[in-house]
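Notes follow the structure.
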Amino acid sequence: MNRWEKIQEIAVTAAQMREIEGRIFAAGMPVAALMEKVAILISVRVQSLFPLLLNPTPNPSPLYREGRRFAVRVGVLVGPGHNGGDALVVARELHFRGYEVKIYRPFSKLKDLTVQHDLYAQSLGICYVENIADLQDCDLIIDGLFGFGLEREIKDNLAEAINQLNEWSKPVVSIDLPSGLQTDTGEVLGTAIKATYTLCLGLWKLGLLQDRALEYVGKAELIDFDIPLADITAILGEAPQIQRVTKEFIQQHLPLPRPAVTHKYKQGHLLLICGSRKYAGGAILTGLGARGSGVGMLSIAVPESLKSLLVSHLPEALIIGCEETENGAIASLPDAVNLGSYDAIACGPGITTEATTIVEGVLANNNPVILDADGLNILAQLGTISTLEKRQATTVLTPHAGEFKRLFPEIDYVQQNRVEAVKKAAELTGAIVLLKGARTVIGNASGKIWIVPESTPALARGGSGDVLTGLIGGLLAQGVAANINSLVERVVIAAWWHAQAGILAAKERTELGVDAFTLTQFLNPVLSGLL
Ligand SMILES: NC(=O)C1=CN([C@@H]2O[C@H](COP(=O)(O)OP(=O)(O)OC[C@H]3O[C@@H](n4cnc5c(N)ncnc54)[C@H](O)[C@@H]3O)[C@@H](O)[C@H]2O)[C@@H](O)CC1
Ligand SMILES: [K+]
């Protein structure tokens, strides 16, 4: 793995970033030199994103046709700390490159280095404005108000200025993170800049990966400024506790290539328990998700009345018809079904909350189990922690925020800090917990967290979770059959793969075109593209 790939896997808190930068400074790197270096990199990136339109012409240049934006007038927001220092260096560079720069610095007390850059910018004759409204004619705004040093709410005049600026809907490039976001939790402290681009410096800040930050972050990019890997490792350890899931990680952990000599049972046998008369389609989608995983053998237990429907959609699967309740839920599994004979069991989509004894039976068994949807609601009724305490084998829980709250009423901050919530849930239960969202978070009992950094709102659609359950189940079964030690990577792969299939499908069919069945058709193309 090269340096770029390695740093893409890391997410840090403000405290960790401070410790890492502290080591660099202690080793002799002058603070001013680092700021200069970083800010030059930012300024170069800004120039490529918003090239200077030197010669406005009725015939747009070829660059214009590539969809690049041009900027002439740039408003730079300068805060009191080193984020403001960065912004002042960027302002100076853009000024020298020929941009018309205006600086808005609503603070009188600045950090020393920032003072120096401020004095120099003034000496160059760069225009300073008193009011945010003076920036309304700008083509582009650079936001250097606060970075990871923001520690309290933004209030009063500054908050008003930010709100006013957000209303203009101008392109905004935020330095490090949109000013106003808490670095670790992504919480809005008072108010926050709505960025078009966020140029995150050095290492990804955790807050940028939290769902509630996303509407402020825009398109996020990492600006690498050569932090020595030794300094990163010294603070974060060899394997970071919070890992962004990257393509390289997936390539390393996929169950590929298959052994040259194998047979279907060696490639995992998954049992799905799903569906009811009311929710028949969920069973099909779960089955199609499992199919996409490449699992060796797939058995699907459904209410007897759904059997022929399932056979027609999944001819390769072994469909097990089960006795039904009056309402058409699974009442019991046939005696011939030996739960212990499967490599993994996925249980829940569409089973309704009538299937309590089924879920109890599955959990009493000693194989890896994935619970989703009604499987989770039943677990919540049984008592999540007390029920899971008794289990030795791997359990995977895949809640969305609502299900999470029902499962873990003691964890009341799931909306505020999804990463901490998952960490706590995994610690309390020993389970692998996957919290669905715009940035799906996965954690296990060791305290390690994985975040899927890209997804699409196209996936916010009924049935897409069923596909994920099947996909996780299939990958887990293959992992068990191959005797791999750690199964959490399989869950991580499934979450990433599912998101990428959504992204690919949305690219071809728009965000409105990704129904759950269509999603299953894009699972394999993601892999082909990856390899
Ligand atoms: N970490 C690194 O290695 C580097 C960091 N740099 C920059 O330095 C930034 C961090 O700099 P700082 O630690 O100076 O922090 P910031 O620039 O984020 O701001 C901290 C300052 O804002 C004040 N402040 C905090 N909350 C406030 C509020 N609500 N209202 C008014 N004032 C408030 C603080 O008292 C302090 O003076 C990074 O985000 C990045 O832009 C780069 O210059 C160079 C490399
Ligand atoms: K900023």
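The values are calculated or read from the model by the stated rules, or taken from the named source; none is laboratory data. Values in this document were obtained by computation on a predicted structure and should not be read as measured data. No Cβ is skipped: glycine too gets one built from the backbone with ideal geometry, and neighbour counts run over all protein chains shown. Heads up: the accessible areas ignore ligands, DNA and RNA and are worked out on the full protein's heavy atoms, side chains in. Shrake-Rupley method; radii C 1.70, N 1.55, O 1.52, S 1.80 Å.
Listed by position, the strands (runs of 3 or more DSSP E) enclosed by region 119-175 include none that has at least 2 residues that are within 16 Å of ligand 2 (Cβ to nearest atom), at pLDDT below 95 and aliphatic (A, V, I, L, M). Just one of the listed residues (75, 79) is touching a residue at least 40 places away in the same chain (Cβ under 8 Å), crowded, with 16+ Cβ neighbours inside 10 Å, within 30 Å of residue 17 (Cα to Cα) and within 16 Å of ligand 1 (Cβ to nearest atom), namely 79. Within region 506-518, being among the hydrophobic types (A, V, I, L, M, F, W, C) and either open to solvent by 30 Å² or more (accessible area, probe 1.4 Å) or within 18 Å of the chain's Cα centre (by Cα) (or both) holds for 506, 512, 517. In this entry, residue 472 is excluded by the filter for residues that are of a type in the set (A, V, I, L, M, F, W, C) and surrounded by fewer than 21 Cβ atoms within 10 Å (Cβ to Cβ). If only residues of region 20-38 that are under 17 Å from residue 236 (Cα atoms) and among the hydrophobic types (A, V, I, L, M, F, W, C) are counted, the one that is least open to solvent (accessible area, probe 1.4 Å) is 20.
Within region 479-504, being surrounded by 24 or more Cβ atoms within 10 Å (Cβ to Cβ) and not in a helix (DSSP H, G or I) holds for no residue. Number of residues in region 355-369 that are closer than 14 Å to residue 395 by Cβ and open to solvent by less than 10 Å² (accessible area, probe 1.4 Å): the value is 3. Here residue 157 meets each of (1) within 21 Å of residue 110 (Cβ to Cβ); (2) more than 9 Å from ligand 1 (Cβ to nearest atom); (3) open to solvent by less than 50 Å² (accessible area, probe 1.4 Å) with one exception, condition (3). Among the conditions (1) open to solvent by 10 Å² or more (accessible area, probe 1.4 Å); (2) farther than 26 Å from residue 22 by Cβ; (3) away from ligand 2 (no atom under 16 Å from the Cβ), residue 112 misses just one, which is (2). In summary, residue 269 fulfils each of the numbered conditions (1) buried (at least 21 other Cβ atoms within 10 Å of the Cβ); (2) within 14 Å of ligand 2 (Cβ to nearest atom); (3) touching a residue at least 60 places away in the same chain (Cβ under 8 Å) with the single exception of condition (2).
Look at region 169-181: where a residue is under 14 Å from residue 76 (Cβ atoms) and a partner is more than 11 Å from ligand 1 (Cβ to nearest atom) and basic (Lys, Arg), sitting 6+ places away or on another chain with Cβ atoms under 8 Å, you get 171/69; 172/194.
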